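Data first, discussion second: the structure below is written as structure tokens.
Bear in mind that the values in this text are calculations on the coordinates, not laboratory data. Nothing here was measured: the structure is a model prediction, and the numbers come from that model. Methodologically, a virtual Cβ is constructed for each residue, glycine included, from the backbone with ideal geometry; neighbour enumeration extends over all protein chains shown.
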């Protein structure tokens with residue numbers, strides 16, 4: 001009978017009954033949403049899945065980079081895992097958060113019952129979920145290419161977590177201080193520069209004396225540390241872990257201080 | 001100026017009768033002497049505002065008058081540089097954690113992930129609340145059923161506005177702040193939004209909205225606060241504002257040369273009467289039903305048939321322009 005406008009809702013539908021959901025449920029919901037947004041975004045997938053996979057396959061099978069003695073995949077797989085962490089925790093997170101800030105998403109969430117710390121927790125969990133998917137995919141590809149990993153998985157896990165913290169801090173710092181377009185450009189540029197100059201596919205020794213400075217970059221510390229463990233079977237590389245920890249403290253500290261929500 | 005018959009601009013919703021009368025006297029938003037500066041620009045300059053529980057309050061004002069700054073201070077986004085703000089008895093900044101679950105917020109624009117689908121975003125917002133509304137019913141109610149799977153960036157401006165409105169009410173708040181809720185809506189969507197605000201009011205939800213549309217304020221608001229240059233120029237019901245200050249006009253035609261002196265004696269002080277053209281009469285003053293009755297009975301006594309009798313009441317727009325000036329704002 002009523003064709004155009006919907007019937008008015010019955011009395012009492014909107015009677016106030018306010019209240020926040022339990023914080024655990026809010027974090028779970030926010031994590032699920034953030035992860036869906038990330039996996040639905042084509043540009044993000046290019047960065048986080050397609051580029052690392054292609055680099056791994058390409059340079060493992062075509063001999064264009066001198067990766068030293070041993071199978072190329074044993075050199076490349078740890079570097080590409082480090083790249084995957086950077087692509088998600090730094091580049092992807094910076095771009096996504098930058099545009100969320102630009103489009104008022106962070107502002108609107110700020111007026112919801114979700115506390116800020118819970119939003120940041122959800123963002124971190126969403127990054128970790130994505131990284132688990134990346135690591136599973138890249139490990140599968142690497143194993144198919146004949147990768148034989150060594151070392152203690154716990155050392156690998158610790159390095160990945162420290163790397164995630166370091167890159168998240170830098171990504172959020174960029175997203176919270178620059179305009180969204182500037183973040184988009186800068187995050188991609190940094191990704192490209194660190195891909196080339198961070199020991200991901202090109203060994204740092206190729207850069208001569210500059211290699212010693214480049215070794216202090218978070219991407220270099222992460223790929224070098226992962227390589228020490230996974231390729232060389234070394235015990236925990238504390239030097240690289242320390243470099244990552246310092247970046248994490250500086251990045252997260254600066255992000256906490258300078259992040260602007262609007 | 002608008003020629004209308006005398007009417008109540010806001011027909012009462014029958015469901016409103018169930019509301020407790022004393023509840024409406026409580027002040028749920030109390031702003032006293034609010035000052036907010038951005039650099040050397042003073043956006044809000046000693047503003048006072050009261051919002052009674054269960055009412056709809058419209059904050060009107062030209063661009064840059066300080067409407068959004070005021071609303072966003074009440075929402076806890078801005079820290080006042082001076083004065084006090086209490087919302088539901090709480091300090092919006094210091095007590096943010098306690099306040100936020102109780103209020104609904106619709107920003108002037110944005111607020112949604114550009115890649116999120118309309119239904120997905122509303123469902124997510126519902127999950128942040130303990131007792132949310134039925135999401136599907138709300139989607140249908142606001143005519144968003146056809147775009148539940150459309151991502152936000154592909155929605156029309158009107159659909160984006162309605163989604164933001166839905167997000168503001170889905171948590172069953174006590175108090176909603178709507179910043180220009182009908183900007184950019186077509187007339188049908190505007191009506192749907194007005195209906196929703198009326199239903200919120202009938203169910204006891206307090207609404208504070210900003211608008212540029214005088215008609216919107218006249219249709220919806222129990223109270224109108226006109227803001228200009230960072231202060232409240234005037235606050236009151238639409239009827240009070242239209243009656244106060246500006247004069248209203250009653251016109252009729254009859255035979256020429258009527259003795260207006262005898263009419264004026266019967267009318268209250270401050271009323272003026274003139275024959276503007278032969279047989280065309282204009283009475284200006286506080287035109288209320290009593291005055292209309294006095295004029296028609298005077299006509300009857302004098303054997304005059306008042307043809308084309310019309311009452312021109314000042315609209316809010318007249319009041320608004322009178323208070324804030326007619327020149328364009330930068």
Running a GNM on chain B with Cα contacts under 10 Å, which residue among B:166, B:97, B:221 ends up with the highest mean-square fluctuation?
B:97
Relative intensity, log₁₀ I(q)/I(0), of chain B from a Debye sum that treats every alpha carbon as a point, q = 0.11 Å⁻¹
-0.78
Distance in nm between pseudo-label sites at residue B:240 and residue B:32 (7 Å out along the Cβ direction from Cα)
1.9
Relative pair counts by distance (%), Cα atoms of the protein assembly as shown, 20 Å bins
18, 38, 26, 12, 5, 1
Can you give me the angle between helix A:23-40 and the longest principal axis of chain A, using Cα atoms only, in degrees from 0 to 90, rounded to the nearest 10?
60
Under 8 Å for C-alpha pairs, at least 6 residues apart: give me the relative contact order for chain B, rounded to a whole percent.
22
Spacing of the two label points (7 Å from each Cα toward its C-beta) at residue B:292 and residue A:214, in nm
8.6
The simple spin-label model distance between residue B:212 and residue B:79, using points 7 Å out along Cα→Cβ, in nm, is 3.3
Could you give the angle, 0 to 90 degrees to the nearest 10, between helix A:238-258's Cα long axis and the longest principal axis of the Cα atoms of chain A?
30
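Normalise the Cα radius of gyration of the stretch A:100-256 by 2.2 N^0.38 Å (N = residues in it) and let me know the number.
The reported ratio for this selection is 1.15.
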Using 1/(1 + (r/R0)^6) with R0 = 51 angstrom and r between the beta carbons of residue A:135 and residue B:231, what's the FRET efficiency to the nearest 0.05?
0.30
Between the alpha-carbon centers of the stretch B:27-63 and the stretch B:208-245, tell me the distance in whole angstrom.
13
Let me know the Rg and Dmax you get for the stretch B:18-143 when you use only its Cα atoms, in Å.
16.8, 49
Provide the percentage of antiparallel DSSP beta bridges, counting only those with both residues in the protein assembly as shown; round to the nearest 5.
70
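For residue B:91 and residue B:63, calculate 0.36 nm times their separation in residues minus their Cα-Cα distance, and state this gained length in nm to one decimal.
Between residue B:91 and residue B:63, full extension yields an extra 7.4 nm.
Report, as an integer, the average count of C-beta atoms from other chains found within 10 Å of each Cβ along B:91-97.
Across B:91-97, the average partner-chain Cβ count within 10 Å equals 1.
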In degrees between 0 and 90, to the nearest 10, how far off the longest principal axis of chain A does helix A:72-85 point, with axes built from Cα atoms?
30
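Would you mind putting B:257-269, B:199-211, A:123-135, B:286-298 in packing order, based on average other-beta-carbon counts within 10 Å, highest first?
B:199-211, A:123-135, B:286-298, B:257-269
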Highest-fluctuation residue, B:314, B:124, B:212 considered, GNM on chain B with Cα pairs under 10 Å
B:124
The stretch B:149-307: C-alpha gyration tensor shape, a/c 1.5 cut-off, then a/b vs b/c:
prolate
For the stretch A:196-262 and the stretch B:263-285, what is the separation of their Cα centres, given in Å?
88
Given contacts defined as C-alpha pairs under 8 Å and at least six residues apart, what's the relative contact order of the stretch A:1-139, whole-number percent?
39
